[in-house]
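Each remark here refers to the structure printed beneath this line.
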Amino acid sequence: MSAGTPGWRPSAPLLAVAHGSRDPRAAEAVAAVFDRVRALRPGLDVRVSYLDHAAPGAEDALEELAAGGAGEVVVLPALLTAAYHSKVDLPKVVAAARERSPWLRVHHADTLGPHPLLSDAVERRLSDAGATAGPETALVLASAGSSDPEANATVAAMAARLAERGPWREVVAAFASAARPSPGEAVADLLGRGARRVAVSTYLLAPGFFADRIRTRSLAAGASVVSEALGDVPELARVALDRYDAAVAARHAVVRA
């Protein structure tokens, strides 16, 4: 039987690892995403953990799986770009888990982004907020920002894909921290160059500090509308399962080899 067919039971649990936030709205949004994953894939053991600020921590979640008899697990970075957390923090956590529980085989899934379905998710949230693409409306795709240039380039590439889907006047990437332009700067620049309206997409997994900053500064700069963070959109659950299935397929390919 293949993944997703009735009666199929995967051997590897899915452990999502999100960044974590002191804002309780963030954990609620992440939990809702993976509740949807469970609904789409009954029988799959889906767990959620965090790198910081929220419980359970990723190390604790891996230790619980090992203590419960799991022989393997697929670790899914619940992040929209591959940056420091997925390249440095999470590998440290996994290495520590392997040292404590050497029998636990840990398989890495890719981060949620980039993925084609995320463009649909962005457009869904913009539509929910009342934003309509048109030749006089520009769009700012606002992410948290990173010190990793590859992560910021991923957001810029996403903005370019949204521009191709159109019919926005223009689509630009902006960053709430660590990179430029800021959302406010991007909105002001687009208005100054002739856009009659500017919509802002909050390109974050969950609400919290950066989402609030994006909203406040974008509206102060003259944005017409600011969408909510992606949160519990159906596209995110499908992306998570795509990442899980790809990791499981890679595991099977290694075993056959």
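Collect residues whose amide H, placed 1.01 Å from N in the peptide plane, falls under 5 Å from the amide H of His107; neighbours closer than 5 in sequence don't count.
Answer set, sorted by chain and number: Val73, Val74, Val75.
What residues qualify as long-range amide H neighbours of Ala18, i.e. H under 5 Å apart, gap of 5 or more or another chain, H built at 1.01 Å from N?
Ser49, Tyr50, Leu51, Ala78
With θ taken as phi - 60° and the coefficients 6.51, -1.76 and 1.60, list the Karplus ³J(HN,Hα) couplings across region 47-59 in order, rounded to whole Hz; mark glycine and proline as x.
Per-residue couplings from phi come out as 10, 10, 9, 9, 7, 7, 6, 9, 10, x, x, 4, 4 Hz.
Looking at region 130-226 only, what percent of DSSP beta bridges run antiparallel? Nearest 5 please. Write down the numbers at each step before the final one.
Values: 1 of 14 bridges.
Taking every DSSP beta bridge with both residues in region 130-226, the antiparallel ones total about 5 percent.
Using only Cα atoms, find the angle between the long axis of helix 117-128 and the longest principal axis of the chain, and express it within 0 to 90 degrees, rounded to the nearest 10.
That works out to roughly 50 degrees.
Students often check this: by mean Cβ neighbours within 10 Å, which of 110-120, 227-237 ranks highest, and how do the rest follow?
Working: 110-120: 19.0, 227-237: 21.4.
The densest-packed peptide leads the list: 227-237, 110-120.
Excluding Ala29 itself, calculate the net charge of residues whose Cβ lies under 10 Å from the Cβ of Ala29, where each Lys or Arg counts +1 and each Asp or Glu counts -1.
Working: positive: Arg25; negative: Asp23, Glu28, Glu228, Asp232.
Charge balance near Ala29 sits at -3.
Helix-only estimate, please: 222 nm mean residue ellipticity of the chain, summing -39500 (n - 2.57) across DSSP H runs of length 4 or more and dividing by its residues, to the nearest 500.
Values: 8 runs with 112 residues, N = 257.
The helix-only estimate for the chain comes to -14000 deg cm²/dmol at 222 nm.
Would you mind working out the magnitude of the charge dipole of the chain relative to its Cα centre, with +1 at each Lys and Arg C-beta and -1 at each Asp and Glu C-beta, to the nearest 20 Debye? List each step's numbers first, then the result.
Numbers: 28 positive and 29 negative charges, 64 e Å.
Roughly 300 debye for the chain.
What is the Cα radius of gyration of region 130-226 over 2.2 N^0.38 Å, N being its residue count?
Values: Rg = 12.1 Å, N = 97, 2.2 N^0.38 = 12.5 Å.
Relative to the rule-of-thumb radius for its length, region 130-226 sits at 0.96.
Report for the chain the percent antiparallel among DSSP-assigned beta bridges with both residues inside it, nearest 5. Display every interim value, and only then the final one.
On the way: 1 of 28 bridges.
In the chain, approximately 5 percent of DSSP beta bridges are antiparallel ones.
Karplus couplings for region 152-159 from phi (6.51 cos²θ - 1.76 cosθ + 1.60, θ = phi - 60°), rounded to Hz, Gly and Pro as x?
With the stated coefficients, region 152-159 comes to 5, 5, 5, 5, 4, 5, 5, 4 Hz.
From the convex hull of the Cα coordinates of the chain, what is the mean projected area in square nanometres? Intermediate values should be presented prior to the final figure.
Details: hull surface 56.1 nm².
Its average projected convex-hull area is 14.0 nm².
Could you state the number of Å between the C-alpha centres of region 75-127 and region 188-257?
Each part's Cα centre sits 15 Å from the other's.
What do you get for the angle between helix 234-256 and the principal long axis of the chain? Use alpha-carbon atoms, 0 to 90 degrees, nearest ten.
For 234-256 against the chain, the angle is about 40 degrees.
With everything on Cα atoms, drop me the angle between helix 24-40 and the longest principal axis of the chain, reported from 0 to 90° to the nearest 10.
Helix 24-40 sits roughly 60 degrees off the main axis of the chain.
So what J values fall out for region 165-175 if you push phi through Karplus, 6.51 cos²θ - 1.76 cosθ + 1.60 with θ = phi - 60°, rounded to Hz, Gly and Pro as x?
Calculated HN-Hα couplings, in order: 6, x, x, 5, 4, 6, 10, 10, 8, 9, 9 Hz.
Every number here is computed from the coordinates shown, using simple stated rules; none is lab data. Everything quoted here is computed from the prediction, not taken from an experiment. For neighbour counting, all protein chains shown are included, and Cβ atoms are generated from backbone atoms with ideal geometry for every residue, glycine included.
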